[in-house]
1. Select the strands (runs of 3 or more DSSP E) contained entirely in the range 270-336, then report the ones holding at least 3 residues which are at pLDDT below 95.
2. Does the range 290-297 contain any residue that is over 19 Å from the mean Cα position of the chain (by Cα), assigned by TED's automatic domain parsing to the domain that holds Gln176 and either among the hydroxyl-bearing types (Ser, Thr, Tyr) or within 15 Å of Gly193 (Cα to Cα) (or both)?
3. Touching a residue at least 12 places away in the same chain (Cβ under 8 Å), crowded, with 20+ Cβ neighbours inside 10 Å and assigned to a loop (DSSP other than H, G, I, E, B): which single residue out of Pro95, Pro72 fits that description?
4. Taking Asn316 and the conditions (1) closer than 19 Å to Glu116 by Cα; (2) surrounded by fewer than 18 Cβ atoms within 10 Å (Cβ to Cβ), which numbered condition does it fall short on, given that it satisfies the others?
5. Which one is nearest to Tyr378 (Cα to Cα) among residues in the range 193-218 that are without any contact (Cβ under 8 Å) to a residue 60 or more places away in the chain and of a type in the set (D, E, K, R)?
6. Arg274 is checked against (1) surrounded by fewer than 19 Cβ atoms within 10 Å (Cβ to Cβ); (2) among the basic types (Lys, Arg); (3) closer than 20 Å to Ser196 by Cβ and fails just one. What number does that condition carry?
7. Across the range 361-402, what is the total count of residues that are over 27 Å from Gln76 (Cα atoms), out of contact with any strand residue (DSSP E or B) (no Cβ under 7 Å at 6 or more places or on another chain) and either in contact (Cβ under 8 Å) with a residue 24 or more places away in the chain or among the basic types (Lys, Arg) (or both)?
8. Test Ala386 against the stated conditions and say whether it is crowded, with 20+ Cβ neighbours inside 10 Å and touching a His at 6+ places or on another chain (Cβ under 9 Å).
Amino acid sequence: MKRTFSFCVALLILGGILAFAGGGRDTAQDGVVTIEFFQQKSEEAAQGGYQAVIDGFHREYPQFRIQQNTVPNPVQVLTSRFVANDVPPLFSDFPTQLQFREKVNNGFIYDVTGQEFLTRINQSALDLTRIDGRYYAMPLTHNFMGVYYNIDIFNAHGISIPTTWAEFLAVCRRLQANGVQPLIFSFMMPGRGGHSFQAWTAAWTPDGARRLQAVAEGRGTIANDPVMLRLAERILEMVSFSNDDAFSIGDIDGMWDGFAHGRAAMMLNGSYARGTVFMANPNINIGVFPLPGDTDASSTIVMGVDASLSISARANAREREAGLAYLEFLSRPENAQIFCDIEGAPNAVSSVVYSDPRMSPILDKMRRGPVTDWFAAYVPGNVVTAINNEVQRFLLERNPAQFLVLLQQAIIDESR
């Protein structure tokens, strides 16, 4: 039997994760209502984008103050706060994930169905977030996993964007032969390798997420699965072209900064990295292409709703008024454009212009497909965490057969 929401979060509390930062209730002084905005994206560009919009909001709504709060381990912290009934009045979350549906089912999230600001959002994004015909979030951006590449390095060596796995390997070998580091990774934190694993799985084993879901639901196996074994072996082949210090560098100060300053020609990463890379080096000439599989038609990319904002169902009337006013303000095209220009991910507001032509390879793939959602849309969050941990161990020990056995057992253990 799968763990319930309350049981999962009880385990988090017993593990001591309830050491969160900040408080969620509003304060009213001199008629000004201040509410917390618990924001789960740690990237500097995302924080800067939100703050730029918040500053404009304060000028138009002097009676409200929005305090952006970003903490380490935001997923665990926010979950713990839900259990402690200390739900922030305004927060970002991931509405396609199973954990979000559980929050809705437990009455934690305010129903925004019928709010005018939703009419400004792309219908495709709304369709992804609809729960039993209702809406509990305002999608703001889409995310993806893709291969960032340094266009100047590619041009200097006469390299074109690869569209098959064989071509990708040829690019790596050519770069390496010319003294250029092909790839840069950071595996210091399990989640970063976990995101790469989701991209690898989508590109090379498009039904891989369903296979993991089958294990979690007690109706499948991946140990000794030749398809999954091929995936694991291919991962090691790609990682062999990367930096030796992947386990000792972080993402912001190591991988993203290193890529921004030419340490490697390519970087497999999410849309969330783009804005921070440009903040590290505004003059870098980069694009993004899909991680290729055997053919373009057979490979899938990870794509989902990324930044998405919700209001607590436990918010009082003034908090709710402030939260709804902020969502309406943020959804205006001119304000969503400000956020998009700083944060860097494709925006879900219909009339926002995402004009960087260097992004067209990945955006074209997002439009034509095939695409798949993140693992958390298929298995509970605790199972995703277990997967991330086993991926990190695999990248250290590099034993494909053992990895599949351990991964299967970890998924089963977390799904009991």
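1. Details: elements: 286-289, 301-305, 308-311.
Ranges flagged: 301-305.
2. Looking only at the range 290-297, we keep the residues that are over 19 Å from the mean Cα position of the chain (by Cα), and these are 292-297.
With assigned by TED's automatic domain parsing to the domain that holds Gln176 added as a condition, the list becomes 292-297.
Imposing the further condition that a residue be either among the hydroxyl-bearing types (Ser, Thr, Tyr) or within 15 Å of Gly193 (Cα to Cα) (or both) reduces the set to 295.
Within the range 290-297, one or more residues are over 19 Å from the mean Cα position of the chain (by Cα), assigned by TED's automatic domain parsing to the domain that holds Gln176 and either among the hydroxyl-bearing types (Ser, Thr, Tyr) or within 15 Å of Gly193 (Cα to Cα) (or both).
3. Numbers: Pro72 fails: crowded, with 20+ Cβ neighbours inside 10 Å.
Answer to the check: Pro95.
4. (1)
5. The selected residue is Arg211.
6. (1)
7. The initial filter retains those residues of the range 361-402 that are over 27 Å from Gln76 (Cα atoms), namely 361-371, 397-402.
Checking the rest, the ones that are also out of contact with any strand residue (DSSP E or B) (no Cβ under 7 Å at 6 or more places or on another chain) come to 363-364, 367-370, 397-402.
Right, trim to either in contact (Cβ under 8 Å) with a residue 24 or more places away in the chain or among the basic types (Lys, Arg) (or both) and you get 367-370, 398, 400-401.
So the answer is 7.
8. Values: crowded, with 20+ Cβ neighbours inside 10 Å: yes; touching a His at 6+ places or on another chain (Cβ under 9 Å): no.
Here the answer is no, as Ala386 does not meet what is asked.
The values are calculated or read from the model by the stated rules, or taken from the named source; none is laboratory data. Treat the numbers as computed from the prediction; the structure is a model and nothing was measured. As a convention, Cβ positions derive from the backbone with ideal geometry for all residues, glycine included, and neighbour counts pool all protein chains shown.
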